[in-house]
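The values are calculated or read from the model by the stated rules, or taken from the named source; none is laboratory data. Just so we're clear, the structure is a prediction, and the values are computed from it rather than from any experiment. For neighbour counting, all protein chains shown are included, and Cβ atoms are generated from backbone atoms with ideal geometry for every residue, glycine included.
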Amino acid sequence: MDIHEYQAKEILARFGIPVPRGGLAYSPEQASYRTRELGGAAWVVKAQVHTGGRGEAGGVRLCRSDREAYDAADALFGRRLVTRQSAPAGKPVYRVYVEEATDIARELYFAIVLDRGAERLKVVASAEGGTEIEEIAAERPGSLTGASIEQAVGFLEFQARELAFALGLPAEQIARAAGVFLSAYRAFRELDATLLEINPLAVTTEGELVALDAKVSFDDNALFRHPDISELRDRSQEDARESHAADRGLAYVGLDGDIGCMINGAGLAMATLDMIELAGGRPANFLDIGGGASPERVLKAFRAVLRDDNVKVLLVNIFAGINRCDWVARGIVDAFKEIDVPVPVVVRLAGTHVDEGQRILRESGLPIHSADSLKAAAAEAVARVPAPAAS
Ligand code: GDP
Ligand code: MN
């Protein structure tokens, strides 16, 4: 689960990391009020959306009067902010954060990420933070410095200090920077985060360190033990198809093609997406029905996949081990009875109780296209996508 920048900053502040003073606004009037409440002579009005790259897209605006803050907020509200990191449709702006502006001397980059290859957490930092970090990392990988964390002992103080030295910080800032890194690690671990990024971690003209932007993502499977974090969820920022499925305990990933996929298991899902692409088609989504799926669960899955209007063909690919093909087949037949299935359905069943499953489908008399192999099923699904209407 992702959260907004201002929420991430509240968390960092709780762990002792300095952040600018700021306030949230839901309207231009509130944004202008926030500038007077904060005092000072310059503020930054920042769109709160679950995506990075806001600065370049006009989502971060420096203002020098309450009137400018009003106008900046007014220009952002109700708009969908499209950034280099967002999906093409962008993310809707319903909240802005107004902060006292910071005088930046240097912009650093700091992150804690999962290093899946090493099966460890990794701390990454760069002396060249800010909006260009992706390009800089690609052009000069050497500019990134990092430390791998040994799970049994955690992120150690000497590692934090080494990192601070590697960033070329002056002696009087080393302890402070190391403190920020260690606090960030404590937040990451205590809150079951999967990503924590501070970019920029600014060195101010007064020599202070301040987290000017923050991103924290959490492990969905651990949210049950962090009710205060779960509360930070903002559905307006999520893919509506994915939230709908998640609320029903279904693992669903939205894509942008036109073939809906119902599959058991993530590995088989990947293989199926590949086979569809190989056959010249494009998947609209995939839904993993999991193991031991009941007919009721299959029916729910049908509903979830068909909610997406882009789906022009539905491909069901089940390789049943724990699952039972007869249950899946009954779920499919029930789906045709209970809901309107406006698209061709291609089904490939293999494994446990496959004969019974195929018999159920055959005897149902429903317009279901059966295929014997994954390859045949993918080809069949692609062939059944209607040609785009002539315009
Ligand atoms: P992002 O583009 O979504 O990563 O948004 P950021 O919050 O990182 O802002 C983008 C850039 O705006 C930063 O890298 C800074 O250069 C600049 N910026 C953000 N806040 C301030 C501020 O308080 N003062 C100044 N001078 N620049 C800021
Ligand atoms: Mn940033």
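The rows are residues; the columns are (1) without any contact (Cβ under 8 Å) to a residue 60 or more places away in the chain; (2) in the same structural domain as Glu150 (by TED's automatic domain parsing); (3) assigned to a helix (DSSP H, G or I).
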residue	(1), (2), (3)
Glu10	yes, yes, yes
Ala31	no, no, yes
Gly55	no, no, no
Leu62	yes, no, no
Arg67	yes, no, yes
Ala75	yes, no, yes
Tyr97	no, no, no
Tyr109	no, yes, no
Exercise. Please find, within the range 199-232, the residue that is nearest to Gln48 (Cα to Cα) out of those that are small (Gly, Ala, Ser) and either within 13 Å of ligand 1 (Cβ to nearest atom) or out of contact with any helix residue (DSSP H, G or I) (no Cβ under 6 Å at 6 or more places or on another chain) (or both).
Key: Ala214
Quiz item: For the range 133-165, what are the residues that are surrounded by 10 or more Cβ atoms within 10 Å (Cβ to Cβ), part of a helix (DSSP H, G or I) and at pLDDT below 95?
Solution: Ile133, Glu134, Glu135, Ile136, Ala137, Glu139, Ser143
Exercise. Count, please, the residues in the range 77-95 that happen to be outside any loop (DSSP other than H, G, I, E, B) and more than 16 Å from ligand 2 (Cβ to nearest atom).
Key: 2
Quiz item: Among the residues of the range 188-240, which ones are more than 21 Å from Ala111 (Cα to Cα), in contact (Cβ under 8 Å) with a residue 60 or more places away in the chain and either touching a Leu at 6+ places or on another chain (Cβ under 8 Å) or aromatic (Phe, Trp, Tyr) (or both)?
Solution: Ser230
Exercise. Could you look through the range 156-187, keep only residues that are without any contact (Cβ under 8 Å) to a residue 40 or more places away in the chain and aromatic (Phe, Trp, Tyr), and pick out the one that is farthest from Val203 (Cα to Cα)?
Key: Phe158
Practice problem: Would you mention how many residues in the range 12-29 are within 16 Å of ligand 1 (Cβ to nearest atom) and either part of a helix (DSSP H, G or I) or of a type in the set (D, E, K, R) (or both)? | Solution: 3
Quiz item: Could you count how many residues in the range 349-387 are under 13 Å from Asn317 (Cβ atoms), in contact with a Phe, Trp or Tyr (Cβ under 9 Å, 6 or more places away or on another chain) and hydroxyl-bearing (Ser, Thr, Tyr)?
Solution: 0
Practice problem: Answer with yes or no whether Gly40 is in contact (Cβ under 8 Å) with a residue 40 or more places away in the chain, more than 26 Å from Leu196 (Cβ to Cβ) and in a loop (DSSP other than H, G, I, E, B). | Solution: yes
Quiz item: Given the structure, is Arg80 within 30 Å of Asn221 (Cα to Cα), without any contact (Cβ under 8 Å) to a residue 24 or more places away in the chain and outside the structural domain of Asn199 (by TED's automatic domain parsing)?
Solution: yes
Quiz item: For the range 282-391, list the strands (runs of 3 or more DSSP E) that sit wholly inside it and hold at least 1 residues that are charged (D, E, K, R); which are they?
Solution: 283-288, 345-351
Exercise. State all residues of the range 12-32 that are under 23 Å from the mean Cα position of the chain (by Cα) and within 16 Å of ligand 2 (Cβ to nearest atom); if no residue qualifies, say none.
Key: Leu12
Quiz item: Here are some conditions: (1) assigned to a loop (DSSP other than H, G, I, E, B); (2) closer than 20 Å to Ile104 by Cα. Val49 meets all but one. Which one does it not meet?
Solution: (2)
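Yes/no per residue for (1) surrounded by fewer than 15 Cβ atoms within 10 Å (Cβ to Cβ); (2) at pLDDT below 95; (3) touching a Ser or Thr at 6+ places or on another chain (Cβ under 6 Å):
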{"site": "Tyr97", "(1), (2), (3)": "no, no, no"}
{"site": "Glu107", "(1), (2), (3)": "no, no, no"}
{"site": "Ile112", "(1), (2), (3)": "no, no, no"}
{"site": "Leu121", "(1), (2), (3)": "no, no, no"}
{"site": "Glu128", "(1), (2), (3)": "no, yes, yes"}
{"site": "Thr131", "(1), (2), (3)": "no, yes, no"}
Quiz item: Quick one: how many residues across the range 205-235 are closer than 25 Å to Val44 by Cβ, surrounded by fewer than 17 Cβ atoms within 10 Å (Cβ to Cβ) and in contact with a strand residue (DSSP E or B) (Cβ under 6 Å, 6 or more places away or on another chain)?
Solution: 2
